[in-house]
Amino acid sequence: MSRLRLLSGPDPAAGSEALNVHVQRFGPLPAVGPGLFDAIERSGLTGRGGAAFPVAKKWRAVSAAGGGGALIVNGAEGEPQSFKDRTLMSSRPHLVLDGALLAARAVRASSVVMYIGEEHRAAQVTMARAVAERTEHELRHARLVLAPARYVAGESSAAVKLLNAGIASPTTRPPSPHEGDGGRLPTLVQNVETLAQVALIARYGADWFRSAGRRGAAGTILVTVAGAVTSPGVLEVEAGISVREVLELAGGATQQLRAVLLGGYFGSWVDASSAWDLPLDASMLRERGLTLGCGVVGFLPVTGCGVCETARIMEYLASESSAQCGPCFFGLRALATTSGWIAQGIADPSDLARLERWSREVRGRGACHHPDGAVGLLQSALTAFATEYQSHPAHLGSQVA
Amino acid sequence: MRKHLAIDRIRCDGRGMCAELLPELISLDDWGYPIIASDRVPDHLSAQAEKAVRSCPVLALALRSVRP
């Protein structure tokens, strides 16, 4: 298991690191000054929930809008194949809390909310116990709010809406939660891994953060490796390492590989032959029209079927639409149904053409990026599995990536 | 100032008035929801666009001024 910074120290599988051990390893938390914003900016840290938004920019926006709203510590982790956030919360709760404390002080948040997926029981228990160990005023009053087990619940505006109105549905932007708007206070929503990285940057500085990373990328990232590998699970790796290196760290492939799903369900299928040298870094992947998302790397073996896998994922994403925007609600449903027909071998050629047209039309037409993520995945499948889509025999129900 | 069309996708109910009144810029998808071909409104369509905005029964369509 590769564990460099966030997961260095005691074996994460052994459970939560106690506060005294944490303090012994990392030392006391430094005071928050204006230097923290600069350090985060120079580190180049971007959000690790999936959108890779620059952290310093978001914090500055919240500060400029007057601060004073809630800090939402986002551990919803609704991506079905991702395990990195719950692993971090269960094993290194105090790193997350350090980052939360720094963020709350830096943006002058009025309260701290631990927003954790309702199905992530171990993480809830660990975080609640860790909060009870802390004496800082901000953390003693922190609330635990359970994120509904829905794909969109971790989207930042959905988290804010759950706190304000009791339903975890995304809202129209602008304004984004970090922007104040009229009477509304700006809310900082930040992923748990991002906050844990801040806890290290505050202690060791931007240069130290950048001392890890390959090919110009900075820092380390948590990834979840899934599919046909010897040791699937969560790894901490240097940003910018290649897909090939991740595969080696996960013990290598168990079978010959057909394709790689990069970035989870809002990510992209990449044909195995062109995947090996891709760098695991948010900005480098974006330049290539791909996404790191929340760091899921899934390996599909040649015995699997990309068309069936994609049909299964589209069915899931359609059912996870928050049903607020027509193009997402109706569009993803139609795309999932048609994907299923192709997988079952009962489609006619016009169905494939329709799938391509709808994928183009749906993009950019939701309040949040749920429809964009879903059609992005489908379009990547139509390219990576072009041959299979042209002549797909009926065998729906093949296994995992 | 340039005028741009913006749709509040949560408010939009697919009534289709906008596509009736401004077919040059707005069409409908297979479920009746608007597709904006170009969000920038040329000057000669400005009055028509304003009428489309006023006519939206759920107030989902807006014109935003954007600095060039």
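Read-outs throughout are calculated quantities, based only on the coordinates presented, and are distinct from any laboratory measurement. Because the structure is predicted, anything quoted here is derived from the model rather than measured. Cβ coordinates were reconstructed from backbone atoms using ideal geometry, including for glycine residues, and neighbour counts include every protein chain displayed.
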| request: Scan the range A:185-294 for chymotrypsin sites (Phe, Trp or Tyr not before Pro) in coil per DSSP, keeping those whose Cβ has at most 15 other Cβ atoms within 10 Å, and list them by number. | output: A:276
| task | For the range A:234-393, calculate the relative contact order in percent as a whole number, restricting contacts to Cα pairs under 8 Å that are 6 or more residues apart. | result | 24
| query | In which sequence would A:137, A:94, A:369 go, from the one with the fewest C-beta neighbours within 10 Å to the one with the most? | reply | A:137, A:369, A:94
| query | Mind checking the angle between helix A:192-204 and chain A's longest principal axis? C-alpha axes, 0 to 90 degrees, to the nearest 10. | reply | 40
| message | Compute the helix-to-body angle for A:370-384: its Cα long axis versus the longest principal axis of chain A, expressed 0 to 90° and rounded to tens. | response | 50
| message | Apply the a/c threshold of 1.5 to the C-alpha gyration tensor of the range B:2-66 and tell me whether it is rounded, prolate or oblate. | response | prolate
| request: Excluding residues fewer than 8 places away in the same chain, name every one of the aspartates and glutamates whose C-alpha is closer than 12 Å to that of residue A:84. | output: A:193, A:236
| query | Going toward the positive end of the dipole of chain B, with +1 on Lys and Arg Cβ and -1 on Asp and Glu Cβ, which of B:33, B:68, B:12 do you reach last? | reply | B:68
| note | Rounded to a whole number, the mean other protein chain Cβ count within 10 angstrom for residues of B:4-10 is 5
| Shape call for the protein assembly as shown from the C-alpha gyration tensor, a ≥ b ≥ c root eigenvalues: rounded (a/c under 1.5), prolate (a/b greater than b/c) or oblate? | oblate
| said: Using only the alpha-carbon atoms, how far is helix A:55-64 inclined from the longest principal axis of chain A? Give it as 0 to 90 degrees, nearest 10. | reply: 60
| Dipole of chain A (Lys/Arg Cβ +1, Asp/Glu Cβ -1, origin at the Cα centre): which of A:37, A:267, A:171 lies farthest to the positive side? | A:37
| field | Order by protection proxy (mean Cβ within 10 Å, highest first), peptides A:356-362, A:315-321 | value | A:315-321, A:356-362
| message | I need the trypsin sites (Lys or Arg not before Pro) found in the range A:183-272, filtered to DSSP loop residues with at most 14 other beta carbons within 10 Å of theirs. | response | A:215
| field | Anchor residue B:51: aspartates and glutamates whose Cα lies under 20 Å away (excluding residues fewer than 8 positions away in-chain) | value | B:8, B:13, B:20, B:24, B:39, B:43
